[in-house]
Amino acid sequence: MPKVLISDKMDPKAAQIFRERGVEVDEITGKTPDELKAIIGQYDGLAIRSSTKVTKDILDAATNLKVVGRAGIGVDNVDIPAASAKGVVVMNTPFGNSITTAEHAIALMFALARQLPEADASTQAGKWEKNRFMGVELTSKTLGLIGAGNIGSIVADRAHGLRMKVIAYDPFLSPERAVELGVEKVDLDDLLARADFITLHTPLTDQTRNILSRDNLLRTKKGVRIINCARGGLIDEAALKEGLDSGHIAGAALDVFVEEPAKASPLFGTPNFISTPHLGASTTEAQVNVAIQVAEQMADYLVSGGVTNALNMPSLSAEEAPRLKPYMALAEKLGSLVGQLTHGAIGRISIHAEGAAAELNQKPIVSAVLAGFLRTQTDTVNMVNAPLLAKERGIEVREVRTEREADYHTLIRVSVKTETGERSVAGTLFGDQAPRLVELFGIKVEADLAGHMLYVVNEDAPGFIGRLGTLLGESGVNIGTFHLGRRSAGGEAVLLLSVDEAVDADLIARVRQLAGVKTVMGLSF
């Protein structure tokens, strides 16, 4: 039974879901890094929020870890490259707190427009400064979205309800999606010049860091109001203060800061500045939602192989997983076969899906081929880190789809290019479930790929099979299955024999001495 550790405080429904789905779970929170390192080796999964730091040291100690699930959007506390190198899937829950974060941005927009925090403090101090707090309407104002993904699109929808005009800067926003959202897609300079309110809804990356830099803040429309409920570091905070002090920026509201907890920000005390302590996801509903989602996603992966919202692996829904499972088994066996039979530097691996296989999600199939291939070189590879390891080794990976059917209803072909040329193997599924090899280096051959096997290339001549069988019998080797293929009568032939035990080097050397043998190898699957 898979075992998961919940190391941060999380809604009790998370543990309940794990148990209902057949996953053992421990809830142990507040551990120091050293204390976590001491126990993490016994767990297959680690469910966290923002407190636990999943560093390389933690990952090195997590000898059985398969998945880290972050209940929330941000994964700044997870070393994703180290997790990928270890073959650990990293998941988050990007949609569980989307509505909550979007509503917080709208709430801060209202608070800025009507100076609500200052008006509240003044009134409760016994003052009645009605003429001091002259606000502005949101109706007919232009809202500029920096980032029009899941949260940004919700903000746009709410803004339309407030009769605002919405413009958006997002390099990944397609014209069709912009029309669907009812927003005008613009470049960043246009947004800065036109927006009365600017809200940020983008992750913190090298491309977005300080996207509202000093220069960009100076290019904003005079009187602009800025809201950030996304990530600290998107705004130059010192330049923002300068803009507020000068009056160029009419107001700003930050829920996130470069340094958190933010206890001594120079922005504190600045007129027309509102701050909240990273409350974007802090509602009862959101906390329940992200806990449920991370438990469901992790349980799906550990129990059925479904991959949802992974940051370092192609998604594979729990519904897709059963259908893809036999294809992934076939792909991994073909990758392993070509890896065991190919020598020398590999420049390129091509994965060609034909017929029914071409209609499927190709990313898991490709990852399975690479995992099978690279497992012949290292025992620390799986579907998560296989693409990364292939890239590190300078292997070019190509994907080809052909939806038409040829000799088989479904077929996967794996080809490798080396210094000596290109060689390929191909396989299909019998009954849509059983992996079967059907072609080996251009020779038609039908064989199961399982257990221990003996691979022999020989000259097609009478008596060879008898001599080989006699030698194996005399050596105490029992043949399970026997598969034969040849290019032409009297030409080159291929034998694949399944045997009960691994064939040792001494026996391989004796088989190599048989007349007509060109190649002999022991294989294992």
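Measuring between alpha carbons in the structure, the pairs from Lys9/Lys53; Lys13/Lys325; Lys13/Lys53 lying more than 19 angstrom apart are Lys13/Lys325; Lys13/Lys53.
Taking a Cβ cut-off of under 14 Å around Lys185, the surrounding Lys, Arg, Asp and Glu residues balance to a net charge of -4, with basic ones at +1 and acidic ones at -1.
Roughly how big is the chain's charge dipole about its Cα centre, with Cβ charges of +1 (Lys, Arg) and -1 (Asp, Glu), in debye to the nearest 20?
So the dipole magnitude of the chain works out to roughly 720 debye.
Distance from the alpha carbon centroid of the range 252-301 to that of the range 450-503 works out to 65 angstrom.
What GluC sites (Glu not before Pro) in the range 429-519 are in a loop by DSSP, with at most 15 other Cβ atoms within 10 Å of the Cβ?
Values: sites: Glu439, Glu446, Glu459, Glu474, Glu492, Glu501; in loops: Glu501.
Within the range 429-519, the qualifying GluC sites (Glu not before Pro) (loop, at most 15 other Cβ atoms within 10 Å) are Glu501.
Ranking Ser174, Ala195, Ser7 by how far each Cα lies toward the positive end of the dipole of the chain (charges on Cβ) leaves Ala195 at the top. On the principal axes of its alpha carbon atoms, the range 169-264 extends 44, 28, 19 Å, with the longest extent given first.
Does the range 435-525 come out rounded, prolate or oblate by the C-alpha gyration tensor, with a ≥ b ≥ c the root eigenvalues, rounded set by a/c under 1.5 and, if not, prolate when a/b is larger than b/c and oblate if not? Cα axes put the range 435-525 in the oblate bin.
Packing-wise, with mean Cβ within 10 Å as the measure, how do 70-80, 404-414 rank, highest first?
Order by mean packing, descending: 70-80, 404-414.
Averaging the sequence gap over all C-alpha pairs within less than 8 Å and six or more residues apart, then dividing by the number of residues, gives the chain a relative contact order of 11 percent.
The alpha carbon centroids of the range 206-238 and the range 73-105 are separated by 23 Å.
Relative to the longest principal axis of the C-alpha atoms of the chain, give the angle of the C-alpha long axis of helix 464-474, reported between 0 and 90° and rounded to the nearest 10°. Between helix and principal axis, roughly 80 degrees. Evaluated at q = 0.10, 0.12, 0.13, 0.21 Å⁻¹, the base-10 log of the normalised Debye intensity for the range 201-338, with identical point scatterers placed on the Cα atoms, takes the values -0.55, -0.67, -0.72, -1.20.
For helix 284-304, report the angle its Cα long axis makes with the longest principal axis of the Cα atoms of the chain; keep it between 0 and 90° and round to the nearest 10°. Result, in degrees: 0. The packing ranking of peptides 196-204, 32-40, 261-269, highest mean first, is 196-204, 32-40, 261-269, where packing means the average number of other beta carbon atoms within 10 angstrom of each residue. Note on the chain: helix-only mean residue ellipticity at 222 nm, from DSSP H runs of 4+ residues weighted -39500 (n - 2.57) and normalised by residue number, equals -10000 deg cm²/dmol. Here the contact order of the range 223-263, divided by its residue count and restricted to Cα pairs under 8 Å and six or more residues apart, works out to 57 percent. With contacts taken as Cα pairs under 8 Å and at least 6 residues apart, the range 299-451 reaches a relative contact order of 25 percent. Its Cα gyration tensor gives the range 81-173 an equivalent ellipsoid, and the semi-axes of that ellipsoid, as √(5λ) in whole Å with the largest first, are 37, 19, 10.
Net charge around Thr270, counting only other residues with Cβ within less than 15 Å of its Cβ (Lys, Arg = +1; Asp, Glu = -1)? Result for the local shell: -3.
Between the alpha-carbon centres of the range 9-43 and the range 318-356 there is a gap of 34 Å.
Taking max minus min of the alpha-carbon positions on each principal axis, the range 1-46 gives extents of 31, 22, 9 Å, largest first.
For the range 293-348, which GluC sites (Glu not before Pro) are both in a DSSP coil and crowded by at most 16 other Cβ atoms within 10 Å? Sparse-neighbourhood loop GluC sites (Glu not before Pro): Glu319. Pick the calculated Cα extents along the principal axes in Å for this structure from [x] 69, 65, 46; [y] 108, 48, 36; [z] 72, 72, 49? Identified label for the calculated read-out: [y].
Expressed as an acute angle from 0 to 90° and rounded to the nearest 10, what is the orientation of the C-alpha long axis of helix 320-341 relative to the principal long axis of the chain? Tilt of helix 320-341: around 50 degrees.
Per-peptide packing, taken as the mean over residues of other Cβ atoms within 10 Å, places 342-348, 277-283, 451-457 in the sequence 451-457, 277-283, 342-348 from highest down. All other residues whose Cβ lies under 13 angstrom from that of Glu459 are scored, Lys and Arg at +1 and Asp and Glu at -1, for a net of +2.
FYI, it's all coordinate maths here, none of it is from the lab. From a predicted model like this one, the values you see are computed outputs, not experimental measurements. Note: ideal-geometry Cβ built from the backbone for every residue, glycine included; neighbour counts use all protein chains shown.
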